[in-house]
Structure formats: structure tokens, C-alpha cells
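Structure first, then comments.
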Amino acid sequence: MSENQSFDIKPVHVPDEVLQGLKKIPTATVYNAVRFFGSTLSVCEGLQNFTEGKKLAARARTLRFLPNRDDLKAMTPSGVDSPEYVAMGKCGPGDVLVADIAGDNKTVVAGDVKLLQLKMNNADGVVVNGAIRDLDVLRDEDYGLSVYATARSFHGSPTQSPAEEDVVINCGGALVRPGDVMVGDDDGVLVVPSWMAAAVLEHATEHEEVENYIKEKIRDENVAPGKYYPPQPKSFEEWREVKKQRGL
């Protein structure tokens, strides 16, 4: 499959086994698989992994911030009914809070107190198209969250406030629908549409296997990588035969 039309593009629930599989594959390989299936605007540009070495593959629970204005504040629930707490309350194992603050580094989605809800729910992490704070506390108190954001900040006077949850958002130029899979490592973070996640895992897994097989051949033959890389269709055919012979 190489066209979007090959899929039923309705959102689906992505099972935990698919998430665990995606965690085992470099994000760069997942990115190539997503592009193979036609999703070209998948990268959350400008976000970095502030929990170095920690891999993420989790379902998105979305939250949108909007610029402060009295009429918006008047119509938005506050306290425990605020969209931010409702969104975080929906995050459990295998889920990640994804917040759109339009890249505003003077507004933080939360600090250690608010994010305690994610820790208590055993959520996987938080992805913020904006700033994050209290990272030292998250580390020292072992929150166990993967954290991706555009910056660290200590700002306490936000220019935006949480306005909507469980909606389609823009995160660093990538569209994120609730239930999509956020995949990230130290290279960055991207979005895998829920309806292609299983196919992306299958494609990326084989591609990673083929690349590892190519590296094996390069070392064994002591040749330049260009002899076998990038992988060609015959490389995949050869690997499938070798895989059978090795009983893999």
C-alpha cells in the first residue's frame, strides 16, 4: 500500500501491542513509513525531547490553549472542570497529553503540581507546542513522563489559557486528532494517524530489519555502504529468504 485511499481513514483505537512495537523502532524509521503511506506533514517541528533517552509511543489526548480574553474565560469551565484537568483525566497508561499553545514560550501547559495528575494516572507523557517548566522536579520525584516541548520556562503569567479538550489541534505544524499515536525519541516527535498505525509498524519493522541485515553484510564484506544502501527491492526479497532460513 502506498496511497491513503488504501485505508479506511476513520479514527481507530490503537492497541497497546502496536504502541509497544513502535517504541522499539527509531523514530526516523517510523517517519519514513508514515511518509510511505502518504502522511507528509507528520513532524512536530521545533519540539525536543527533554527526557533524553526516553522513547515515546502513545495515544494522543488533546488540549488547545487560546489567547486570554474575558469573554472566553467567562464561558470556559474552571477548577476541576477546566479543559486541562478533563484532558489529563483521560490520560492513562498508553496515553500522552498533547497541548497546542501555538508555540508560545511565555505560556506553560503545566508544572509539577498539575502534571501530578498524569503521574497518578500512569500516563506516558506530555507533548507541548510551547514551554514546559519544573522539569527538575519531574526528574527528582520520578514522574516517569516523556516530555517534549519547544522550551523550558518559569513564566507564571500566561498569555493563553486552556480552552478546549478532545479536539483536533495543530502541534508544531502537524495535525493531531485524539487517538493518533505520538512517536518520539531524541531526534524529535511525530504524529502517526491512528488508522495507519498498525501498517506503519509492519512497514517500519521490516525496513529496520533490512537495514540491520545490510549493516551485517557491509561489516562481513568490509565494503562501502553504498554497495547495499539505500535498500533496494531485492534487499527486501533477500532478507525475507534469509529470515525463513534462520527461522525468524
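Which order do Ile101, Ile218, Ile132 fall in if you start with the one that has the fewest other Cβ atoms within 10 Å? Don't jump to the answer; show the numbers that get you there.
On the way: Ile101 27, Ile218 16, Ile132 24.
Neighbour counts put them in this order, fewest first: Ile218, Ile132, Ile101.
If I model a spin label at Phe7 and Glu141 as a point 7 Å from the Cα along the Cα→Cβ vector, what separation in nanometres do I get?
With each label point 7 Å from Cα toward Cβ, the separation is 3.8 nm.
Counting only DSSP beta bridges with both residues in the chain, what percent are antiparallel, rounded to the nearest 5?
Taking every DSSP beta bridge with both residues in the chain, the antiparallel ones total about 55 percent.
Quick check: residue separation of Gln20 and Val113 times 0.36 nm, minus the Cα distance between them. What number comes out in nm? Please list the in-between numbers first.
Numbers: separation 93, 0.36 × 93 = 33.48 nm, distance 2.84 nm.
Gain in length upon complete extension: 30.6 nm.
Mind pulling up the Rg/Rh value for the range 189-248? Radius of gyration and Kirkwood radius, both on Cα.
For the range 189-248, the value is 1.06.
Can you give the helix-only mean residue ellipticity at 222 nm for the chain, where every DSSP H stretch with n ≥ 4 adds -39500 (n - 2.57) and the sum goes over all residues, rounded to the nearest 500 deg cm²/dmol?
About -9500 deg cm²/dmol.
To make sure I understand, if each residue's beta carbon is the centre and we count other beta carbons within 10 Å, what order do Arg35, Arg219 fall in, fewest to most?
Arg219, Arg35
Using the Kirkwood formula over every pair of different C-alpha atoms, what hydrodynamic radius in Å results for the chain?
Across the chain, the inverse of the average 1/r is 19.2 Å.
Starting with the fewest neighbours, write out Phe7, Phe65 ranked by other beta-carbon atoms found within 10 Å of each beta-carbon.
If I rank by nearby Cβ atoms, fewest first, I get Phe7, Phe65.
Indicate the gyration tensor shape class of the range 109-217 (rounded, prolate or oblate), computed on the Cα atoms with a ≥ b ≥ c the square roots of the eigenvalues: a/c under 1.5 is rounded; otherwise a/b larger than b/c is prolate and the rest oblate.
In terms of gyration-tensor shape, prolate.
Determine the alpha carbon to alpha carbon distance for each of Lys54/Lys227; Lys23/Lys215; Lys73/Lys106; Lys55/Lys227; Lys54/Lys90; Lys55/Lys244 and list only those over 24 Å. Don't skip to the end; give the middle numbers.
Working: Lys54/Lys227 34 Å; Lys23/Lys215 21 Å; Lys73/Lys106 19 Å; Lys55/Lys227 32 Å; Lys54/Lys90 22 Å; Lys55/Lys244 30 Å.
Those over the limit are Lys54/Lys227; Lys55/Lys227; Lys55/Lys244.
For Phe154, what is the net charge nearby, where nearby means another residue's Cβ is under 13 Å from its Cβ and Lys, Arg count +1, Asp, Glu -1? Spell out each step's value before the answer.
On the way: positive: Lys106, Arg133, Arg152; negative: Asp112, Asp134, Asp136.
Result for the local shell: 0.
Set the Förster radius R0 to 35 Å, insert the Cβ-Cβ distance between Glu206 and Leu175 as r into 1/(1 + (r/R0)^6), and round the FRET efficiency to 0.05.
Using R0 = 35 Å, I get an efficiency of 0.85.
Among Val80, Leu175, Val98, whose Cα lies farthest out toward the positive end of the dipole of the chain, if unit charges sit on the beta carbon of Lys, Arg (+1) and Asp, Glu (-1)?
Value computed over the given set: Leu175.
Can you compute 3J(HN,Hα) from phi for each residue in the range 21-32, using the Karplus curve 6.51 cos²θ - 1.76 cosθ + 1.60 with θ = phi - 60°, rounded to whole Hz and x for Gly and Pro?
My calculation for the range 21-32 gives x, 5, 5, 8, 10, x, 4, 4, 6, 4, 4, 5 Hz in order.
About its Cα centre, how strong a charge dipole does the chain have in debye, to the nearest 20, once Lys and Arg get +1 and Asp and Glu get -1 at the Cβ? Kindly include the intermediate steps, with their values, before the conclusion.
On the way: 28 positive and 38 negative charges, 52 e Å.
Once rounded to the nearest 20, the dipole reads 240 debye.
Values quoted throughout were computed directly from the atomic coordinates according to the rules given, and no laboratory measurement underlies them. Keep in mind that what you see is a predicted model, and the values were worked out from it rather than measured. Every residue, glycine among them, receives a Cβ derived from its backbone with ideal geometry; neighbour counts consider all protein chains shown.
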